[in-house]
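Shown next, in structure tokens, is the structure this report addresses.
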Amino acid sequence: MSVPYAQLRVSDWRPPREPLVADLLRGLRETPKHISPSYFYDARGSQLFDAICELPEYYLTRTETRILAAHAADIARCIGDDALLVEFGSGASTKTHLLLDQLPHLSAYVPVEISRSHLLDAAQRISKTYPRLEVLPVCADFTMPFELPKSQRVPARTVVFFPGSTIGNFEPASGIELMRLMRSLAGPNAGLVIGTDLVKEVGVLSRAYNDGAGVTAQFNLNLLRRLNREFGADFDLGAFAHEAIWNAAEARIEMHLISARRQTLSLAGERIEFAAGERLVTEHSHKYTLAGFHAQSAAAGWHACEAWLDERRYFAVHYLSSS
Ligand code: AVJ
């Protein structure tokens, strides 16, 4: 057996339930109705997301992984020795191995993840693979304030790792706010290794979010299943259809769930009305240009140092520094 969960000291910053319900209801009362994509990631949603990453149409994960694999030594040089590596939304921590293999002298690895099951599985796997690495898992919604756990070895600096183009889920202003939060969390002389999906041909983008096997549709609909199970809602999953559209003006893919008919639902005892054809917005996935991303990160106080791209220029991994 590998390291038992009990040996991994998890810092718990999970939000209490009440604000979650209020937040959900607020989004469902606005026009258009919307729910934060952070609700996708319950245990089943996290598994479905891992399945999405394997889809032939979903080029993001494969492309970023190839970039990280090709430039891991360069990225590790930017991070330097004795750093505290903090991964935001670590999920299965799959890409992290590529960096950890090149970073034998890290102070500690801090995966930050909202899904507790995913966090524990990943933290356990990492400690098994790197027995000399201190792993300090944090269960948190990384958009809310939390503190970094203290590592046994004092770090030379803190570097945030935020792969996957998860930054794309944030509206530009909130993305800037999140990158500011990263900068203040990481302290002086910080680094940020961040992945961004790039603007490209619409067909490629559209297929990545409307896959032939329908896994993205299942991932989208699982949100309703979760609301039913955890928040006492009564959504009929058969009465909503998945659709992903490209919003050119905002440079983003939008995931919607479309109500097949007029229906009244309840969530946490409150009634919610849907018209026939009404859309519930479940995700915005922004796509970037290098110049656009540099402007956003600069607004958050980060200096662009390096960017590594694949040959098709589908995706970029950036190294930014706070000083
Ligand atoms: C994890 C936010 C990067 O936007 O591509 C995948 C989530 N949504 N398929 C993305 C997602 C639909 C993904 N991110």
Fill in: All positions within the range 253-272 that are in contact with an Asp or Glu (Cβ under 9 Å, 6 or more places away or on another chain) and open to solvent by less than 30 Å² (accessible area, probe 1.4 Å)
I253, E254, M255, H256, L257, S259, Q263, L265, L267
Discussion item. So, restricting to strands (runs of 3 or more DSSP E) that lie completely within the range 264-323, which ones have at least 2 residues that are within 28 Å of L223 (Cα to Cα)?
Written reply: 270-274, 279-286
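If I filter the range 101-111 for residues that are in contact (Cβ under 8 Å) with a residue 60 or more places away in the chain and open to solvent by 50 Å² or more (accessible area, probe 1.4 Å), do I get at least one hit?
So far as the range 101-111 goes, no, none of its residues is in contact (Cβ under 8 Å) with a residue 60 or more places away in the chain and open to solvent by 50 Å² or more (accessible area, probe 1.4 Å).
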Worksheet item: In the list R229, R207, which residue meets the criterion of being part of a helix (DSSP H, G or I) and surrounded by fewer than 13 Cβ atoms within 10 Å (Cβ to Cβ)?
Response: R229
Practice prompt. Quick one: V281 ticks every box in (1) touching a helix residue (DSSP H, G or I) at 6+ places or on another chain (Cβ under 8 Å); (2) within 16 Å of the ligand (Cβ to nearest atom); (3) not charged (D, E, K, R) except a single one, so which number is it?
Written response: (1)
Practice prompt. Keeping to the range 229-249, report how many residues are more than 14 Å from the ligand (Cβ to nearest atom) and out of contact with any Leu (no Cβ under 6 Å at 6 or more places or on another chain).
Written response: 9
Worksheet item: Any idea which of A249, A239, A291, A275 is surrounded by 15 or more Cβ atoms within 10 Å (Cβ to Cβ) and either modelled with pLDDT of 95 or more or touching a His at 6+ places or on another chain (Cβ under 8 Å) (or both)?
Response: A239
Discussion item. So A69 passes all but one of these: (1) touching a residue at least 40 places away in the same chain (Cβ under 8 Å); (2) within 21 Å of the chain's Cα centre (by Cα); (3) closer than 30 Å to R312 by Cα. Which condition number does it fail?
Written reply: (1)
Response to the item:
Counting only residues in the range 22-42 that are open to solvent by 50 Å² or more (accessible area, probe 1.4 Å) and part of a helix (DSSP H, G or I), the one nearest to the ligand (Cβ to nearest atom) is identified as S38
Discussion item. Condition first: within 19 Å of the chain's Cα centre (by Cα) and either farther than 20 Å from H34 by Cβ or within 12 Å of the ligand (Cβ to nearest atom) (or both). Can you find one or more residues in the range 263-276 that meet it?
Written reply: no
Discussion item. Can you report the number of residues in the range 220-244 which are free of Cβ contacts under 8 Å to residues at least 24 places away in the same chain and under 15 Å from S285 (Cβ atoms)?
Written reply: 0
Fill in: Hits in the range 57-88 - residues which are of a type in the set (S, T, N, Q) and open to solvent by less than 20 Å² (accessible area, probe 1.4 Å)
T63
Worksheet item: Within the range 155-177, how many residues are in a loop (DSSP other than H, G, I, E, B) and either without any contact (Cβ under 8 Å) to a residue 60 or more places away in the chain or open to solvent by less than 30 Å² (accessible area, probe 1.4 Å) (or both)?
Response: 3
Fill in: Scope the range 164-196; condition over 21 Å from Y39 (Cβ atoms) and either of a type in the set (S, T, N, Q) or within 16 Å of the ligand (Cβ to nearest atom) (or both); matching residues
P172, M179, S184, N189, V193, I194, G195, T196
Discussion item. Among the residues that make up the range 120-142, is at least one of them touching a residue at least 60 places away in the same chain (Cβ under 8 Å), open to solvent by 10 Å² or more (accessible area, probe 1.4 Å) and within 15 Å of L84 (Cβ to Cβ)?
Written reply: yes
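The values are calculated or read from the model by the stated rules, or taken from the named source; none is laboratory data. Small disclaimer: the values here were computed from a predicted structure and weren't measured. Note that we place each Cβ from the backbone using ideal geometry, even for glycine, and neighbour counts take in every protein chain shown. Each accessible area value is taken on the protein alone, full model and side chains, heavy atoms only, with ligands, DNA and RNA left out. Shrake-Rupley method; radii C 1.70, N 1.55, O 1.52, S 1.80 Å.
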